[in-house]
Amino acid sequence: MPTPHIEAQIGDFAPVVLMPGDPKRADWIAHTFLHDVKQVTAVRGMLGFTGLTKNGIRVSVMASGMGLPSIGIYSYELFSHYGVEAIIRVGTCGAYQKDVKLRDIIIGQAACTNSGWLHDYDLQGGIYSAISDFELIEHAVEASRKLGKEPHVGNILSSDTFYCVSADLWKKWADLGVKAVEMEAFALYTNAARFNKKALAICTVSDSFVAEGILSSTERQDGLIDMVNIGIATAEAYMNKWHKQ
Ligand code: HPA
């Protein structure tokens, strides 16, 4: 039976899902990095696929859309209805620190937010620390090092806004050691906690608040390829440990 936002049947998704923001990127990941690919959902164009890695491990890829509300909906339905056990976000982020360079890999150990999304939990003014899964972090760090890329592991900001009115507000987060900004991890980590599941955000740095310069399209694509390879290796390590096929 489908959910309001996903038309797949139960069993169509693997226990682990890679989750980029962009549906076209989900399509590209599925058809570039997997074989025997089946499209399992396309409601609102939010594409989802399941296939096999080159090592024969069954994994899914589904787009989240942009922002906490969007990934909040899709991760909720995957965790609560489709039996998905782990979601690995693969996305881009903007660097807040000088040592975080374009194309670097950031592993979101925890996520802060400026979003009202958490208000639904009515924590009476309390602030929830959204954290990722330690075992997934370990797998991702190992995979990144194998590719010759030392990842940054730390705190990220999941922001409600891309175009901020207060031009210098980011510096307050940077002063607290936050490494980079994106727009989804906080909701993903919180939903994983709610359902006792696992989640991690692996991001490639596409822009910087502290350094000049932008990536050429080739550099951008190479950064994405590294990130997806790390995501797939992390998914495989997770599957090999918990879901021996
Ligand atoms: N802000 C928010 N999200 C992002 C950014 C950014 O600068 N870059 C990539 N994702």
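Annotation for the range 149-159: at least one member residue is within 14 Å of the ligand (Cβ to nearest atom), in contact (Cβ under 8 Å) with a residue 12 or more places away in the chain, surrounded by 18 or more Cβ atoms within 10 Å (Cβ to Cβ) and over 14 Å from Ile106 (Cβ atoms).
Against the test of being of a type outside the set (Lys, Arg) and touching a His at 6+ places or on another chain (Cβ under 9 Å), the options Val153, Val181, Val205, Val141 yield a single qualifying residue, Val205. Taken over the range 22-57, the criterion of being farther than 21 Å from Leu224 by Cα and either part of a strand (DSSP E or B) or open to solvent by less than 10 Å² (accessible area, probe 1.4 Å) (or both) is satisfied by Asp36, Lys38, Gln39, Val40, Thr41.
At least 3 residues being more than 21 Å from Phe134 (Cβ to Cβ) and within 20 Å of the chain's Cα centre (by Cα) is the threshold, and among the helices (runs of 4 or more DSSP H) wholly inside the range 152-245 those reaching it are 217-242. Of all the numbered requirements in (1) open to solvent by 20 Å² or more (accessible area, probe 1.4 Å); (2) within 16 Å of the ligand (Cβ to nearest atom), Ala193 misses one, and that requirement is (2). Residue count for the range 81-107 satisfying the condition of being within 13 Å of the ligand (Cβ to nearest atom) and either among the basic types (Lys, Arg) or free of Cβ contacts under 8 Å to residues at least 12 places away in the same chain (or both): 2.
The values are calculated or read from the model by the stated rules, or taken from the named source; none is laboratory data. Remember, predicted model here, so these are calculated numbers, not experimental data. Here the Cβ is made from the backbone with ideal geometry for all residues, glycine too, and neighbour counts use every protein chain on show. Areas reflect the complete protein model, heavy atoms only, side chains present, ligands, DNA and RNA absent. Shrake-Rupley method; radii C 1.70, N 1.55, O 1.52, S 1.80 Å.
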